[in-house]
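Following: one structure in C-alpha cells, then a few remarks.
The values are calculated or read from the model by the stated rules, or taken from the named source; none is laboratory data. Everything numeric in this text was worked out from a predicted model, so none of it was measured. We place every Cβ from the backbone using ideal geometry, glycine too, and count neighbours over all the protein chains shown. Remember, those area values only see protein heavy atoms, side chains included, never the ligands or the DNA or RNA. Shrake-Rupley method; radii C 1.70, N 1.55, O 1.52, S 1.80 Å.
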Amino acid sequence: MAPPNDATSASGDAGAPPNDDPTPRDESRVRRVDPTEEDLVAAVLDWADAGDDHEATTESGEGDGSDSSTASVAAVTLDLDGTLVDYRRSPGAVLDRAFERVGVAPLFPVDAYYDRFAEFADRTDSMAELRRACFAALAADRGHDPALGREVAAAFADERDHGNVAWCPGARELVDTLAERGVPTAVVTNGPPDAQREKLSAVGIDERIATVVFASHDCPAKPSPEPVERALAALDCDPTRAVHVGDAETDTASALAAGARAVRVER
C-alpha cells in the first residue's frame, strides 16, 4: 500500500506516534478486516455475533428479534488516510520529483520525513508550513543549507495535489451505506486541516458526514481517546454504542480508550 499521507508510513495516520501500544485490552471489541477480500460494511455494522452486551435484549436477556446489526451500532467514526482515501501519487514519488525540480540529488529519504512529521505537526498550522520547517531541519541535519530544504518544500507543494486521492477498497460502499441508513458519522484524522479538507471534498465525503475532528490541532492526536470522544460527543452518541474504523494501531487504541469498539482495516 502506498503511504496514505504526506507523512505516514504505510501503517498509520498522519503524524501518529509509533504503533507499539503494549497495553492489554479486550480483543473481543476489535475486528480486523481486509476490505480487498472481506465485507467492510458487515464488519462495521453487524455486531450481532460479537457476544458483547450491546445487542438488543428483552428483560429476560433473550434477543427480542430486533435487527441488532444496526440497533447495536448508533454511530460510526472514521479515520481518513489509508482507511477512506489514499493519494494516487505516493509521498516518495512527489519528493523525488521535488528534488529533480530543484536540481539537487536527494537530500534525505522520505522515511526521514515520516519520522519527523509529528514533531513539526505540533508547532505548525498548515501542511505547507510543516514541510518548510521539516525539510529545512532535515537538510541542516545532513550538512546542507536549510534554505535548500525550504526550496525543496516549495517544489513539493507545487507537485502535491491534496485532492488527487482515490477511495480505499470498501470505503465508498461503507460511507454510502452509513448515509443511506442514517447512521451518524464523523471523520477523526491526525492530519493537518488544510490538506484533509481537500481530500474530504475531492471524493464528496464532506457532504455525507456530520463533523470532522482534526486531532493534533483540535485536541491531542490519536492514540489519545480525546479525538474519538469529541466526535461522539458531537454525534450525541454513547461510546459503548459506537464503532471507530481505522487502519492504524493508534486508531484501535484511541477507540478502545474512548469506550468504543474498533474495526482495524488491514490490507
Leaving out ligands, DNA and RNA, what percent of the accessible area of the stretch 153-209 is carbon and sulfur, probe 1.4 Å? 40
Just report the Cα centroid separation between the stretch 113-136 and the stretch 214-267, whole Å. 24
Toy charge model, Lys and Arg Cβ at +1, Asp and Glu Cβ at -1: the stretch 182-267 dipole around Cα centroid in debye, rounded to 20, equals 180
What ranking do 220-230, 206-216 get when scored by the average of other Cβ atoms within 10 Å per residue, highest first? 220-230, 206-216
At R0 = 25 Å, FRET efficiency that the Cβ-Cβ distance of D141 and R101 yields, to 0.05: 0.70
Compute the accessible area per residue over the stretch 130-197, keeping the other protein chains in place, probe 1.4 Å, unit Å². 39
